[in-house]
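Remarks on the structure that follows.
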Amino acid sequence: MAKLQKIAVVGAGLGGVAAGALLQKAGFQVDIYEQAPAFSRLGAGIHMGPNVLKIFRRMGIEDALVAMGSQPSFWFSRDGATGDYLSRIPLGDFALKEYGAHYVTVHRGDLHTLQISALETGTLHFDKRLEALVEDETGVNLTFADGSTAKADIVVGADGINSRVREALLGPEKPNYSGWVGHRALITGEKLRRYNFDFEACVKWWSEDRHMMVYYTTTRKDEYYYVTGVPHDAWDFDGAFVQSSREEMEAAFVGYHPIVQALIASTDEVTKWPLLNRNPLPLWSSGRMVLLGDACHPMKPHMAQGAAMAIEDAAMLARCLAETGIGDHASAFQLYEENRRDRASRIQAVSNANTWLRTQEDPAWVFGYDIYAAPLKSAAAA
Ligand code: FAD
């Protein structure tokens, strides 16, 4: 019987699609299984730092992303009430020169579509909700909610915070609600024109226990986006998010600067998301299954690096598997975890603490990182 040389990636979020594309480019046969019937352009933006753009260079989508997104010259942090500047972190040309790639803010849906274009045609399968995984000495059998099945040599769990693959490795456990929610809204550039304000390209407004991060999502600057972090006693709603309202935003940001009030007044639709977390997992892989991204180390999104970590994981996993081949997946998974755990855990801790760039600091350890530059470290080889 011919030997399987096949990788199944479960979940086609930003991490899963990056894993699929990078593993395909490394020469593996990869199929990606996604529970959603299709993707829509949900109302959210995302930051992609130079650490990720260097990976997109390998995926062949860096230039298209730069052409699509906004490239802020600075990340500003400002006092929510007075507007005083707390930090001015240079990005723009400085990022290109110092960190080796652009810093881009973009619409999340546009980025996702661009990433998907890097996959081999016919390898992304929608409407495939993974229900069961059974591993034996010949591979892993996957069963989906529609009754169909697949078999692969190894399985990459890129299925987000409620990961079914994580559950297969470690048992059922709900994520922790952090006590904070994030509100998300997109505002058209048109709405902002009636104000005589300088709407900065990337600015975070802070007060003691809450914040509002704001940035453009297009090169044309015709779409402005905000995402908040606001304390909220309990998450007792069904679903991944619920509708919020302008009134709720006004109450949450009372006393904030007139620019923030203008953004709230310009809000047509705003959604509210629980910010969830998990304690560090005791293992990232077992047998033929390995985790990445939010399935492995979810974090509060306050450093704008959650998806970035999922994409860095994908790049490192592809690098390690290329080094060992699928046949020695155990060594690849060990190498992958050894080369990812410290960085992902450090970023998880800073992100959860919500201190990133609040005051003037050097972000080079995050943005300057090039996942392909450092030699792989291996405890086994040491
Ligand atoms: P996900 O994006 O969750 O993707 C998982 C995929 O798996 C989904 O498509 C899901 O449908 C699919 N799936 C789930 N279960 C199954 C199953 N059983 N079978 C098949 N498919 C399945 N990060 C940044 O880097 N920058 C930011 O600016 C940023 N802003 C954020 C703002 C907010 C409010 C929030 C909540 C998060 C933010 N993040 C940001 C974090 C980022 O969204 C996540 O870290 C990132 O999406 C994780 O990617 P992932 O691919 O691991 O998981």
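The values are calculated or read from the model by the stated rules, or taken from the named source; none is laboratory data. Since this is a predicted model, take the numbers as computed values, not measurements. Please note: Cβ atoms are built from the backbone with ideal geometry, for glycine as well, and neighbour counts cover all protein chains shown. The protein model used for the area step is the full one, side chains on, heavy atoms only, and it has no ligands, DNA or RNA in it. Shrake-Rupley method; radii C 1.70, N 1.55, O 1.52, S 1.80 Å.
Can you classify segment 69-111 as rounded, prolate or oblate using the Cα gyration tensor, where a ≥ b ≥ c are the square roots of its eigenvalues, rounded means a/c under 1.5, and otherwise it's prolate if a/b beats b/c and oblate if not? Before the final figure, lay out the partial values.
Values: a/c = 4.06, a/b = 1.41, b/c = 2.89.
Note, shape of segment 69-111 comes out oblate.
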TODO: Hey, can you find the accessible area per residue of segment 190-325 for me, probe 1.4 Å, expressed in square angstrom?
DONE: 40
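If you take the square roots of the eigenvalues of the alpha-carbon gyration tensor of the chain and sort them as a ≥ b ≥ c, do you get rounded (a/c under 1.5), prolate (a/b over b/c) or oblate? Please report the intermediate quantities before stating the final value.
On the way: a/c = 1.88, a/b = 1.62, b/c = 1.16.
Because a/c hits 1.5 or more and a/b exceeds b/c, the chain counts as prolate.
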Task: Candidates Ala44, Ala344, Ala64: whichever shows maximal mean-square fluctuation once the chain is modelled as a Gaussian network with Cα springs under 10 Å - done: Ala64
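According to the square roots a ≥ b ≥ c of the eigenvalues of the Cα gyration tensor, what is the shape class of segment 155-228, taking rounded for a/c under 1.5, prolate for a/b larger than b/c otherwise, and oblate for the remainder? Please list the in-between numbers first.
Details: a/c = 4.15, a/b = 2.18, b/c = 1.91.
Prolate is the answer for segment 155-228, as a/c is 1.5 or above and a/b outweighs b/c.
Of all accessible surface on the chain at a 1.4 Å probe, what whole percent is carbon and sulfur? Before the final figure, lay out each step's value.
On the way: 8170 of 16080 Å².
With neighbouring chains kept in place, the figure for the chain is 51 percent.
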Open item on the list: Starting from the 7 Å offset along Cα-to-Cβ, what nm value, one decimal, do you get for the label separation of Glu120 and Ala38?
Closed with: 2.6
Open item on the list: Just to be sure I understand: with springs between alpha-carbon atoms less than 10 Å apart, which residue in Leu130, Leu281, Leu357 has the highest mean-square fluctuation in the Gaussian network model of the chain?
Closed with: Leu281
Task: Out-of-range pairs (alpha-carbon distance over 24 Å; input Lys191/Lys300; Lys25/Lys151; Lys151/Lys377; Lys54/Lys128; Lys191/Lys272) - done: Lys191/Lys300; Lys151/Lys377; Lys54/Lys128
Task: Mean residue ellipticity (222 nm) of the chain, computed from DSSP H runs ≥ 4 via -39,500 (n - 2.57), nearest 500 - done: -9000 deg cm²/dmol
Task: 0 to 90° range, to nearest 10: angle between helix 329-353 axis and the chain longest Cα axis - done: 20
Task: Length-normalised contact order of segment 114-262 in % [C-alpha pairs under 8 Å, at least 6 apart] - done: 16
- [ ] Find the relative contact order for the chain and round it to a whole percent, using C-alpha pairs within less than 8 Å whose residues are 6+ positions apart.
- [x] 22
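Keeping all protein chains in place, calculate the accessible area per residue for segment 5-48 (probe 1.4 angstrom), answer in Å². Kindly include the intermediate steps, with their values, before the conclusion.
Numbers: 1390 Å² over 44 residues.
Averaged over the residues of segment 5-48, the accessible area is 32 Å².
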Task: For the chain, built as a Gaussian network whose Cα springs stay under 10 Å, the top-fluctuating residue of Asp238, Asp268, Asp110 - done: Asp238
Task: Relative contact order [Cα under 8 Å, 6+ residues apart], segment 178-249, whole percent - done: 38
- [ ] Just name one of Gly109, Val156, Phe126: the one whose Cα is farthest towards the positive end of the charge dipole of segment 63-177 (beta-carbon charges, Lys/Arg +1, Asp/Glu -1).
- [x] Gly109
